[in-house]
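The values are calculated or read from the model by the stated rules, or taken from the named source; none is laboratory data. This is a predicted model, so every value here is computed, not measured. Counting neighbours? That spans all protein chains shown, and the Cβs are built from the backbone with ideal geometry, glycine included. Ligands, DNA and RNA are stripped out before the accessible areas are found, and what is left, the full protein with its side chains, is counted by its heavy atoms. Shrake-Rupley method; radii C 1.70, N 1.55, O 1.52, S 1.80 Å.
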Amino acid sequence: MSVKMYRLLRKLCPFSGLRRKTEESQSLLPKQGAVKQNVNYGPELDGFQYCTHGYGAEADSCSTTISLKDLPPPQHHHPDPLVPFIKYLMFFFNFIVFTLGFGLLCIGFWGLADKQSLISEKIVNLGTDPMLIFVLVGLVVCVLSFSGCVGFIRENICLLKLFFVGIAILLVVQCLVALVVLCFHQQIEDSVKTTMLVAISRYQGDSDLKFILDEIQLGMECCGVQSYKDWSINLYFNCSSPGVNSCGVPYSCCIDPLQNGTVPNFQCGFGALAMSEVMAGSLIYLGGCVPQLIFWINRRTWDIAAGYLLVIAIELTCIVCAQKLMREIKLVKSFG
């Protein structure tokens, strides 16, 4: 009977077993020394807070061990607002320089092709051909300006490095040339005299030298190297020559080299070497081109120095802009 009553009471009180199990599970926990840790973090805190909850006699305690102020801020790269301006400015500048360099290159190749200087019979004299200077200068300018033009607009580090190194080498060479000119100006003057004498002796045989000498004498109003008598070393203008140019000088030595103001008068200098200086001075310029060139340089020393410093400043600006863009590209890659 008692067993039946116990089963009936158990059906009427279904939570009695759950309660007994809860009490049993609680009895398994230790009475004292139990510690529970958790980490609290919220907008009202300025750090990570570690809290310890004790049971029984242990009190609750919280401590902040790491402050948010001590943590490094998140790293973000802010692009320089001057970078787009630098890119497009250097692009247009290098494009203009490339156009000029390409023009020099075309003039050089046209001159070599017109004189057939690249054929096997004449290629031995290629080193003394003035057109070779146009080719070399145009080639260097084209390579540097093209690398700068594409490197800046495409943000290509390899081309920017080539542009940077090329301009730096060019800058060093220009400084060395200026130093050599200042230290060895007398030796350079003697070398110029020797070169011009060789050019005078080859005046009739090289159309480029003929054009350059005529332009120098017309522009500087001079004749010969030291004086007009230097033209006697040319076989065609020497008084022993049987030709029509005997004892004469080129038309570019004449005070009035044009006939009717338009057409060159190639006969204006005939017989000038056989005349006295007084008579010759009424027809041609008696002074040589080297003294006239030295006088022109001395008179425009400050203008030459200003132009040289302007070129140096432009090259330094190109170097700084290339370095700044390369540094910006590396920063973008490191944060990207």
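Looking at the range 149-199, which of its residues are β-branched (Val, Ile, Thr) and farther than 30 Å from Cys223 by Cβ?
Val150, Ile153, Ile157, Val165, Ile167, Ile169, Val172, Val173
If you go through the range 261-275 one residue at a time, do you hit one that is on the phi < 0 side of the Ramachandran plot, open to solvent by less than 70 Å² (accessible area, probe 1.4 Å) and under 44 Å from the mean Cα position of the chain (by Cα)?
yes
Condition check ((1) closer than 20 Å to Asn156 by Cβ; (2) of a type outside the set (S, T, N, Q); (3) touching a residue at least 24 places away in the same chain (Cβ under 8 Å); (4) surrounded by 13 or more Cβ atoms within 10 Å (Cβ to Cβ)) across all residues:
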residue	(1), (2), (3), (4)
Asp303	no, yes, no, no
Leu309	no, yes, no, no
Ile312	no, yes, yes, yes
Leu316	no, yes, yes, yes
Ala322	yes, yes, yes, yes
Met326	yes, yes, yes, yes
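When you check Gln204 against the structure, is it surrounded by 15 or more Cβ atoms within 10 Å (Cβ to Cβ) and part of a loop (DSSP other than H, G, I, E, B), yes or no?
Yes; evaluated as a whole, the condition is true for this residue.
Can you give me the number of residues within the range 252-273 that are touching a residue at least 24 places away in the same chain (Cβ under 8 Å) and among the aromatic types (Phe, Trp, Tyr)?
1
Kindly list the number of the only condition in (1) open to solvent by 30 Å² or more (accessible area, probe 1.4 Å); (2) touching a helix residue (DSSP H, G or I) at 6+ places or on another chain (Cβ under 8 Å); (3) at positive phi that fails for Cys239.
Of everything listed in (1) open to solvent by 30 Å² or more (accessible area, probe 1.4 Å); (2) touching a helix residue (DSSP H, G or I) at 6+ places or on another chain (Cβ under 8 Å); (3) at positive phi, Cys239 misses just condition (3).
Of everything in the range 178-196, what is open to solvent by 70 Å² or more (accessible area, probe 1.4 Å) and within 30 Å of Ala113 (Cβ to Cβ)? Give them in sequence order.
Thr194, Thr195
Conditions tested, residue by residue: (1) over 24 Å from Val141 (Cα atoms); (2) modelled with pLDDT under 90.
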{"residue": "Leu71", "(1), (2)": "yes, yes"}
{"residue": "Gln75", "(1), (2)": "yes, yes"}
{"residue": "Asp80", "(1), (2)": "yes, yes"}
{"residue": "Val83", "(1), (2)": "yes, yes"}
{"residue": "Leu89", "(1), (2)": "no, no"}
{"residue": "Gly108", "(1), (2)": "no, yes"}
{"residue": "Ala113", "(1), (2)": "no, yes"}
